[in-house]
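One structure below.
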Amino acid sequence: MIPRVVSGAVLAVLAFTSILYLPQKLFLLLMDVVLLFSLREFWQLLSGYHTRHQLDSCVDAGPPTAEESSFSPGSPESCSRAIRGSERLGWVCLLLGLLLTWIWVFQRSWMPPYLFLVFLFVMALSLTIGDVEWRFPSAAGHFFGFCYVGFPVCLAVSYQKQPHELLLILLTVAVADIGAFLVGRSWGTHKMVPRISPKKSWEGFVGGMVLCVLFSLLYGCNFLPDKTPLFLTLLALVLGTAATVGDLFESAIKRGAGVKDSGSSIPGHGGLLDRMDGILFALPTYYCLSFLLE
């Protein structure tokens, strides 16, 4: 418990300091670090799918016979090649990801051709993966991860210019998580999706939403006076729901990969993705809501 509290406090101080005081280019460098670690964790989860399901197929298939090729689908050699190919694809995408936030900020008109280039690289390199049956799923997974993690990080960079809006998003996600945990632990009896997240309950979800609304109104009245109470209430409900869905979505990914945490980079919390799961849904949701209400 103590490592979790200490890690959470350090992350909170780092987030507040970087958002409020870092120059844009230093903030961009910090977000690049966050992006690279998060992408690496996501693609490790993807490799977990290969390891788990490919090795299951190896066990089911048994040792290859004399008539079977050692590189036929399901053979140990083919499984090994598939895992190595997926890791190689991840490293290339990781290097391409270094440019994402910089293009977003300084040359946004380059974003469509850049994404198309990443797409072509992913499709081409997927041909090096061992099993034919895993080439398309691996390519789709890597490109999805690139967008799933990359675009919210780009939005965070954009919203640093409106620091209190960015802090409102991040803190609302944190408050939803804390409220759901406290209420769910005390009164949670009706489980939301027990196969994905056994501890999440509807009572916790409602408690998190109530706390989100109260916090959003309090924060908005003090730091965002141009936002109406109706907007802040709607925003809290939408962001709290988005954060919960994001949490459940990543839990489903981890369940499929057969792991409890996305990594071990944050003591007491797991990996970066374990702390960012709700944020990855909340930032694009805020962007879309703001766009619709303009």
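The values are calculated or read from the model by the stated rules, or taken from the named source; none is laboratory data. Just so we're clear, the structure is a prediction, and the values are computed from it rather than from any experiment. When we count neighbours, we look across all protein chains shown, and the Cβ atoms used for this are built from the backbone with ideal geometry, even at glycine.
Being among the hydroxyl-bearing types (Ser, Thr, Tyr) and at pLDDT below 90 is the filter; apply it to the stretch 1-51 and report the residue that is farthest from Cys154 (Cα to Cα). Talk me through it step by step, then tell me what you get.
At the first step, the residues of the stretch 1-51 found to be among the hydroxyl-bearing types (Ser, Thr, Tyr) are 7, 17-18, 21, 38, 47, 49, 51.
From what is left, the residues that are at pLDDT below 90 are 7, 47, 49, 51.
On the way: Ser7: 24, Ser47: 25, Tyr49: 27, Thr51: 31 Å.
Per the stated criteria, the residue is Thr51.
Has the stretch 166-186 got any residue that is part of a loop (DSSP other than H, G, I, E, B), surrounded by 15 or more Cβ atoms within 10 Å (Cβ to Cβ) and at negative phi?
First, pick out the residues of the stretch 166-186 that are part of a loop (DSSP other than H, G, I, E, B): none.
Within the stretch 166-186, not a single residue is part of a loop (DSSP other than H, G, I, E, B), surrounded by 15 or more Cβ atoms within 10 Å (Cβ to Cβ) and at negative phi.
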Conditions (1) surrounded by 18 or more Cβ atoms within 10 Å (Cβ to Cβ); (2) at pLDDT below 60; (3) closer than 21 Å to Lys260 by Cα -> Gly74 fails only (3)
Within the stretch 193-212, is even one residue farther than 30 Å from Phe144 by Cβ, in contact with a strand residue (DSSP E or B) (Cβ under 7 Å, 6 or more places away or on another chain) and among the polar types (S, T, N, Q)? no
Which pairs do you get when a residue that is within 17 Å of Leu272 (Cβ to Cβ), found in the stretch 8-21, comes within reach of a residue that is modelled with pLDDT of 90 or more and exposed (fewer than 12 other Cβ atoms within 10 Å of the Cβ), reach meaning Cβ atoms under 9 angstrom, with the pair 6+ apart or on two chains? Ser18/Leu26
Members of the stretch 112-129 found to be assigned to a helix (DSSP H, G or I), surrounded by 14 or more Cβ atoms within 10 Å (Cβ to Cβ) and either in contact with a Pro (Cβ under 7 Å, 6 or more places away or on another chain) or of a type outside the set (Phe, Trp, Tyr) (or both), listed by number: Leu115, Val118, Val122, Met123, Leu125, Ser126, Thr128
Just checking, how many residues over the stretch 195-248 are in contact (Cβ under 8 Å) with a residue 60 or more places away in the chain and acidic (Asp, Glu)? 1
